[in-house]
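The values are calculated or read from the model by the stated rules, or taken from the named source; none is laboratory data. Quick caveat: nothing in here was measured; it's all calculated off a predicted structure. Quick reminder, even Gly has a Cβ in these numbers, built from the backbone with ideal geometry, and neighbours come from all protein chains shown. Protein only, heavy atoms only, side chains kept; ligands, DNA and RNA dropped before computing areas. Shrake-Rupley method; radii C 1.70, N 1.55, O 1.52, S 1.80 Å.
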Amino acid sequence: MHEMSLCEGIREIIVNQAARHSVDRISRVRLEIGRFSGVEKPALEFAFEVVMRGTPAEGAALEFIDIPGRGWCYDCMKDVTIDDRLSPCPDCGGAKVLATGGDELRIKDMEAQ
């Protein structure tokens, strides 16, 4: 379950930022998750709850912001939204699409109390 190790990295960022800004409690964490990131949201929610115990983010609400897959079509020379890494171009139907986005997993923001 790589979601556990992802949450451990998130915990480190949260703890460091809380200390840096003299915050005792984080009430909400919003994560941007790309379509191609391979993250299972239910597993991430479970891991987040477990890993955040004893930290300023214990009991914090976890929200997800979905980031679509992006690609560059070499046939029509456009940046396009794609549903799958192997999807054809939705504009021209061309098969020469290079995935350029959708792998993201990052903290968008945190809400402190």
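Some observations on this one:
- Residue tally, condition open to solvent by 50 Å² or more (accessible area, probe 1.4 Å) and of a type in the set (A, V, I, L, M), over the range 60-83: 1
- The residues listed here are 55, 100; of these, the one that is under 17 Å from the mean Cα position of the chain (by Cα), outside any helix (DSSP H, G or I) and not aromatic (Phe, Trp, Tyr) is 100.
- Among the residues here, residue 57 qualifies as open to solvent by less than 30 Å² (accessible area, probe 1.4 Å) and free of Cβ contacts under 8 Å to residues at least 60 places away in the same chain.
- Here residue 16 passes the criteria (1) surrounded by fewer than 17 Cβ atoms within 10 Å (Cβ to Cβ); (2) in contact (Cβ under 8 Å) with a residue 12 or more places away in the chain except the one numbered (2).
- The set of residues from the range 61-78 being out of contact with any Ser or Thr (no Cβ under 7 Å at 6 or more places or on another chain) and in a strand (DSSP E or B) comprises 62, 63, 64, 65, 66, 67, 73, 78.
- Residues in the range 91-113 that are farther than 28 Å from residue 4 by Cβ and touching a Gly at 6+ places or on another chain (Cβ under 9 Å) were compared, and the one that is least open to solvent (accessible area, probe 1.4 Å) is 97.
- Of all residues in the range 27-52 being in a helix (DSSP H, G or I) and touching a residue at least 40 places away in the same chain (Cβ under 8 Å), the one that is surrounded by the fewest Cβ atoms within 10 Å (Cβ to Cβ): 50
- Residue 24 fulfils the conditions (1) of a type outside the set (Lys, Arg); (2) at negative phi; (3) out of contact with any Pro (no Cβ under 7 Å at 6 or more places or on another chain); (4) open to solvent by 70 Å² or more (accessible area, probe 1.4 Å) except for a single criterion, (3).
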